[in-house]
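Engineer: Handing you this structure, nothing more for now.
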There are 2 protein chains.
Amino acid sequence: MKAGKTGRAGRWEVSRRMALGVREHVADSSRIDILRAAACCFMERGYTATSIDDVARRIGATKGRIYHHFPSKADLFAEVFRHGMDINFEALAPFQGMAGPALVRWRRMAKTHVLQMIDTKPFQRAVWIGVEMHLRGATTPEQRSVFNELIDYRDRYGAQFRDTLIQCRDEGVFRFENPSIAGQLMFMTLNSPIFWYSPRTGETRSDIEAIADQVVDYAQGGLCKEQGTQT
Amino acid sequence: MKAGKTGRAGRWEVSRRMALGVREHVADSSRIDILRAAACCFMERGYTATSIDDVARRIGATKGRIYHHFPSKADLFAEVFRHGMDINFEALAPFQGMAGPALVRWRRMAKTHVLQMIDTKPFQRAVWIGVEMHLRGATTPEQRSVFNELIDYRDRYGAQFRDTLIQCRDEGVFRFENPSIAGQLMFMTLNSPIFWYSPRTGETRSDIEAIADQVVDYAQGGLCKEQGTQT
């Protein structure tokens, strides 16, 4: 598994662990290992086909150890979703209230988001699965209130981008008719590595940065495009 | 359900039916009704959670009527996928070998594709579900050979776009580093209405055309963007 070995998720975790005592550290590390294994299982099999057994087998643990941390598969899934969004908020925090042209802030935010999708792909795929379940009403009545809260959490994350989009339009660098469609198209682009990215042998950090740049350039081009200029 | 009531899918079907005798017409119409109902069920519940019972209930038919046309859920799903791609190929046919600038052809193809995603969304969501199942190896050994064939069929459709992309780059209107990433980003954009589009009350065909234009403009802007020009 990729997430946590490199990149932001890893750094964030290290700093979180440093703030914990030894005892909490062990418990926390066990918890994060389970979350990572679960994210990979959900990504590979989907929600329905994943069992607590699959997650336990993946890290050579007993079902009991999983249940010690998470009372049910639904709880485990919700925590994977929440962790995925926690690390996204964390990554975006440095750009909150950043001064200067909105386009510069947008590019930094967009690239950070794309690198998150690449570095923590299993968590981000789980978020996607959760949103899909929510939209098609595939959640149980017990899950619904937790899901509503998670979806709100994700909407607040999206709002930070939408504010910057609107500022970019106000500053004359982005042009789009419908802000809601522009937001959808932008997120589809920036999220898309969760579907098509897979690491290559010998790939360096600068190769990954180049991929992220191509994705951000494409989104920027899409949002800057003068409409109806060519047919 | 939307598909077939309006738009290309509907027109295509009418012309197909005109070529059939009365008896075949009835059988064919029954078959297409089942495919439509199945596409909606798969879109709303996913593959695993959909049963033949759900499909039968949706059109007030018996399970026997469904089994008369499709021996199993797996077969029914494969036929929904195949039909989704059949109508996409059909819609793109007029632009095969079209002369003139590649960008003009690309725009026509792209807009046609976006309108297909909107007009026949349940079928196109089923195609997406099928690709996902294939990629994560969630198919059974029996399904595998049929899926391989369907994925090939979809790849041939994608190849028509990729050829046009490369031509646009050769003619100097598109600029991108990695053609494979450019293709992924383009398809994510053009396919995205299957996730976010839903019809509004009072929406006219020209409203839908305007949505499709915004999507195509965004993709064109993304593919035209001079890279690394702004940071």
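The values are calculated or read from the model by the stated rules, or taken from the named source; none is laboratory data. Everything quoted here is computed from the prediction, not taken from an experiment. In this analysis, Cβ positions are derived from the backbone assuming ideal geometry, glycine residues included, and neighbour counts consider all displayed protein chains.
Engineer: Which members of the stretch A:136-151 meet the condition of being outside any loop (DSSP other than H, G, I, E, B) and either within 18 Å of A:F123 (Cβ to Cβ) or touching a helix residue (DSSP H, G or I) at 6+ places or on another chain (Cβ under 6 Å) (or both)? Even if it seems obvious, please write down each step before you answer.
Structural biologist: So the first thing to find is which residues in the stretch A:136-151 are outside any loop (DSSP other than H, G, I, E, B), and the list is A:141-151.
Correct list: A:Q143, A:V146, A:F147, A:E149, A:L150, A:I151.
Engineer: Just name the residue that is nearest to B:F187 (Cα to Cα) out of those in the stretch B:203-213 that are of a type outside the set (A, V, I, L, M) and more than 10 Å from every other protein chain (Cβ to nearest Cβ). Walk me through it before giving the result.
Structural biologist: Narrowing the stretch B:203-213 to residues of a type outside the set (A, V, I, L, M): B:203-207, B:209, B:213.
Okay, now just the ones that are also more than 10 Å from every other protein chain (Cβ to nearest Cβ), so B:203-207, B:209.
Details: B:E203: 25, B:T204: 25, B:R205: 23, B:S206: 23, B:D207: 22, B:E209: 18 Å.
Across the stretch B:203-213, the extreme among qualifying residues is B:E209.
Engineer: For the structure I just gave you, tell me whether B:M109 is under 29 Å from B:E171 (Cβ atoms) and either touching a residue at least 12 places away in the same chain (Cβ under 8 Å) or part of a helix (DSSP H, G or I) (or both). Reasoning before the result, please.
Structural biologist: On the way: under 29 Å from B:E171 (Cβ atoms): yes; either touching a residue at least 12 places away in the same chain (Cβ under 8 Å) or part of a helix (DSSP H, G or I) (or both): yes.
Against the criterion (under 29 Å from B:E171 (Cβ atoms) and either touching a residue at least 12 places away in the same chain (Cβ under 8 Å) or part of a helix (DSSP H, G or I) (or both)), B:M109 qualifies.
Engineer: So, of the residues in the stretch A:60-114 that are of a type in the set (S, T, N, Q) and closer than 21 Å to A:R125 by Cβ, which turns out to be surrounded by the most Cβ atoms within 10 Å (Cβ to Cβ)? So that I can check it myself, show each step before the final result.
Structural biologist: Pass one, the stretch A:60-114, residues of a type in the set (S, T, N, Q): A:62, A:72, A:88, A:96, A:112.
Then keep just the ones that are closer than 21 Å to A:R125 by Cβ; that gives A:72, A:88, A:112.
Values: A:S72: 13, A:N88: 24, A:T112: 19.
Residue satisfying both the conditions and the ranking: A:N88.
Engineer: Let me ask something else about it. With within 12 Å of another protein chain (Cβ to nearest Cβ), under 25 Å from B:F195 (Cβ atoms) and touching a residue at least 60 places away in the same chain (Cβ under 8 Å) as the only criterion, which of A:P179, A:P193 stands out?
Structural biologist: Details: A:P179 fails: touching a residue at least 60 places away in the same chain (Cβ under 8 Å).
Testing whether each residue is within 12 Å of another protein chain (Cβ to nearest Cβ), under 25 Å from B:F195 (Cβ atoms) and touching a residue at least 60 places away in the same chain (Cβ under 8 Å) leaves just A:P193.
Engineer: Follow-up question, since we're still on this one. Within the stretch A:178-190, can you find the residues that are surrounded by 14 or more Cβ atoms within 10 Å (Cβ to Cβ) and more than 19 Å from B:K225 (Cα to Cα)? Quick ask: steps written out before the conclusion?
Structural biologist: Step one: filter the stretch A:178-190 for residues surrounded by 14 or more Cβ atoms within 10 Å (Cβ to Cβ), giving A:181-190.
Selection gives A:I181, A:Q184.
Engineer: Name the residue, out of B:V216, B:V173, that is touching a Pro at 6+ places or on another chain (Cβ under 9 Å) and of a type outside the set (G, A, S). Write out each step before concluding.
Structural biologist: Numbers: B:V216 fails: touching a Pro at 6+ places or on another chain (Cβ under 9 Å).
The conditions single out B:V173.
Engineer: Is one or more of the residues making up the stretch A:51-71 under 21 Å from B:R136 (Cα atoms), in a helix (DSSP H, G or I), in contact with a Pro (Cβ under 9 Å, 6 or more places away or on another chain) and among the charged types (D, E, K, R)? Spell out how you get there, then give the answer.
Structural biologist: Step one: list which residues in the stretch A:51-71 are under 21 Å from B:R136 (Cα atoms), which gives A:51-59.
Subset that is in a helix (DSSP H, G or I): A:52-58.
Checking which are in contact with a Pro (Cβ under 9 Å, 6 or more places away or on another chain) leaves us with none.
So far as the stretch A:51-71 goes, no, none of its residues is under 21 Å from B:R136 (Cα atoms), in a helix (DSSP H, G or I), in contact with a Pro (Cβ under 9 Å, 6 or more places away or on another chain) and among the charged types (D, E, K, R).
Engineer: From the list B:E132, B:E142, exactly one residue is closer than 30 Å to B:E209 by Cβ and among the acidic types (D, E). Which is it? So that I can check it myself, show each step before the final result.
Structural biologist: Details: B:E142 fails: closer than 30 Å to B:E209 by Cβ.
Of the residues listed, the single one that is closer than 30 Å to B:E209 by Cβ and among the acidic types (D, E) is B:E132.
Engineer: State the number of residues belonging to the stretch A:141-172 that are β-branched (V, I, T) and over 18 Å from A:E79 (Cα atoms).
Structural biologist: Let us first name the residues in the stretch A:141-172 that are β-branched (V, I, T), namely A:146, A:151, A:164, A:166.
Pick out the ones that are also over 18 Å from A:E79 (Cα atoms) and you get A:164, A:166.
Final tally of qualifying residues: 2.
Engineer: Scan B:A99, B:A126, B:A91 and give me the residue that is at pLDDT below 95 and not hydroxyl-bearing (S, T, Y). Write out each step before concluding.
Structural biologist: Details: B:A126 fails: at pLDDT below 95; B:A91 fails: at pLDDT below 95.
That would be B:A99, the only listed residue that is at pLDDT below 95 and not hydroxyl-bearing (S, T, Y).
One line per residue, one yes/no per condition, for (1) touching a Lys or Arg at 6+ places or on another chain (Cβ under 7 Å); (2) in contact (Cβ under 8 Å) with a residue 40 or more places away in the chain; (3) within 9 Å of chain A (Cβ to nearest Cβ):
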site	(1), (2), (3)
B:T164	yes, yes, no
B:G183	yes, no, no
B:T189	no, no, yes
B:V215	no, yes, yes
B:A219	no, yes, yes
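Engineer: Condition test on A:Q124, is it polar (S, T, N, Q) and surrounded by fewer than 17 Cβ atoms within 10 Å (Cβ to Cβ)?
Structural biologist: Details: polar (S, T, N, Q): yes; surrounded by fewer than 17 Cβ atoms within 10 Å (Cβ to Cβ): no.
So A:Q124 fails the test.
Engineer: Then there is this: For the stretch B:133-154, which positions are within 14 Å of another protein chain (Cβ to nearest Cβ) and surrounded by fewer than 12 Cβ atoms within 10 Å (Cβ to Cβ)?
Structural biologist: If the condition is that a residue be within 14 Å of another protein chain (Cβ to nearest Cβ) and surrounded by fewer than 12 Cβ atoms within 10 Å (Cβ to Cβ), then B:G137, B:T140 are the ones that fit.
Engineer: Which of (1) surrounded by 15 or more Cβ atoms within 10 Å (Cβ to Cβ); (2) of a type in the set (S, T, Y); (3) more than 8 Å from chain A (Cβ to nearest Cβ) does B:S198 not meet, given it meets every other one?
Structural biologist: Unmet for B:S198, out of (1) surrounded by 15 or more Cβ atoms within 10 Å (Cβ to Cβ); (2) of a type in the set (S, T, Y); (3) more than 8 Å from chain A (Cβ to nearest Cβ): (1).
Engineer: Something else: If you check B:I118, B:I129, which single one turns out to be touching a helix residue (DSSP H, G or I) at 6+ places or on another chain (Cβ under 9 Å), crowded, with 18+ Cβ neighbours inside 10 Å, within 11 Å of another protein chain (Cβ to nearest Cβ) and not hydroxyl-bearing (S, T, Y)? Even if it seems obvious, please write down each step before you answer.
Structural biologist: On the way: B:I118 fails: within 11 Å of another protein chain (Cβ to nearest Cβ).
So the residue among B:I118, B:I129 that is touching a helix residue (DSSP H, G or I) at 6+ places or on another chain (Cβ under 9 Å), crowded, with 18+ Cβ neighbours inside 10 Å, within 11 Å of another protein chain (Cβ to nearest Cβ) and not hydroxyl-bearing (S, T, Y) is B:I129.
Engineer: I need the helices (runs of 4 or more DSSP H) fully contained in the stretch A:161-231, keeping only those with at least 1 residues that are in contact with a helix residue (DSSP H, G or I) (Cβ under 9 Å, 6 or more places away or on another chain) and acidic (D, E).
Structural biologist: Numbers: elements: A:179-191, A:193-196, A:205-224.
Answer list for the stretch A:161-231: A:205-224.
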